[in-house]
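The structure appears below as structure tokens.
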Amino acid sequence: GVPVSSRVSTKIQQLLNTLKRPKRPPLKEFFVDDFEEIVEVPQPDPNQPKPEGRQMTPVKGEPLGVVCNWPPALEAALQRWGTTQAKCPCLTALDVTGKPIYTLTYGE
């Protein structure tokens, strides 16, 4: 016979033990029964500050136009548009009378 090092044998045993482990953990480890928490409706804190003023609503701006070869992801498309049209307004904040008070451009 060929002498076998116990160190190699230990490494092979560790590999076998690793391979014997389940590939995915059982589903019950990920399932949390929180039905009671969902049923309970939290009561608002009476000391919590109340919102003031009117509710803000977005206003549709002018369309960007038809450009071919846009990336499929929104973030990538905004990145491309922002680098090519850095001075174009991206977001405008209005005061209570509806007048623009701040305009954010894509380059900012």
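The values are calculated or read from the model by the stated rules, or taken from the named source; none is laboratory data. Everything numeric in this text was worked out from a predicted model, so none of it was measured. Neighbour counts are summed over all protein chains in view; Cβ atoms, including those assigned to glycine, are modelled from backbone coordinates with ideal geometry. Note: accessible area is taken over every heavy atom of the protein model, side chains too, but ligands, DNA and RNA are not part of it. Shrake-Rupley method; radii C 1.70, N 1.55, O 1.52, S 1.80 Å.
General remarks:
- Being open to solvent by 70 Å² or more (accessible area, probe 1.4 Å), among the β-branched types (Val, Ile, Thr) and at pLDDT 80 or above holds for only one residue in Thr10, Thr18, and it is Thr10.
- Test: residue in the stretch 89-104 that is under 26 Å from the mean Cα position of the chain (by Cα), in a loop (DSSP other than H, G, I, E, B), surrounded by 10 or more Cβ atoms within 10 Å (Cβ to Cβ) and not aliphatic (A, V, I, L, M): no
- Checking each residue in the stretch 43-88 for being out of contact with any strand residue (DSSP E or B) (no Cβ under 7 Å at 6 or more places or on another chain) and surrounded by 11 or more Cβ atoms within 10 Å (Cβ to Cβ) picks out Gly61, Leu64, Trp70, Pro71, Ala76, Ala77, Leu78, Gln79, Arg80, Trp81, Gly82, Gln85.
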